[in-house]
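All of the numbers you see were taken from the coordinates with simple rules; none came from a lab. Since the model is a prediction, treat every value here as computed from it, not as a measurement. As a convention, Cβ positions derive from the backbone with ideal geometry for all residues, glycine included, and neighbour counts pool all protein chains shown.
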Amino acid sequence: MKRTSAVLVLLVAGIALLSISCGTSDYVKSLTLSSSGTSSGGFYNLAGVDGTLQLQVTANYNSGKTLDVTNASTWTVVPTGCATTADDPTTLCPNIQGAQPPYALPAYGPTTVPISPTGLMTGIVPLCTWIDATTLVNNVVTPDTPPQWEYTGYYQVTATYRLWTSQPVGIGVGVTVSPNAPGCGPS
């Protein structure tokens, strides 16, 4: 009789423990997209020829747990705005690479600013999405010294993991290849 009672007590205790935990499963609450590069309010700069920017996607769970899900994420990239030339980042939005007005940024893809499955974004095509602010003195326009960089365009990136999409981040590109280029964007 004692043995049956002990088994019954253990069975009831097990059922009670299982029922207490019902409805408290952990789940993804949000995603955060960030980068190891320098940021200014959610904007990053992909600088230099073959420059790279490591993107990271973090799943934020209801319990407070976080998990790096970069390798399991997919990317959406939308070009926004226009570009200056690699040779003269003070000239706003010229016709680059055969683009037609309004001189949009080149489309995202494997030959422009690809993102690897591990979240590594690489600047391949020479373009500049920055312009050095100018000052007008005696009817002469001159670039600010030191440069005061402003966006002319950027690539808006979001990451998706399962059914969740991260907040967007803006990534400017400062890839110049000309020896005459004065530089492009913050470094």
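What distance in nm separates the simple spin-label points at Leu67 and Asp50, each placed 7 Å from Cα in the Cβ direction?
Between Leu67 and Asp50, the label points sit 3.6 nm apart.
Please compute the net charge surrounding Ser30, taking Lys and Arg as +1 and Asp and Glu as -1 over other residues with Cβ under 13 Å from its Cβ.
Working: positive: Lys29, Lys65, Arg162; negative: none.
Net of charged neighbours comes to +3.
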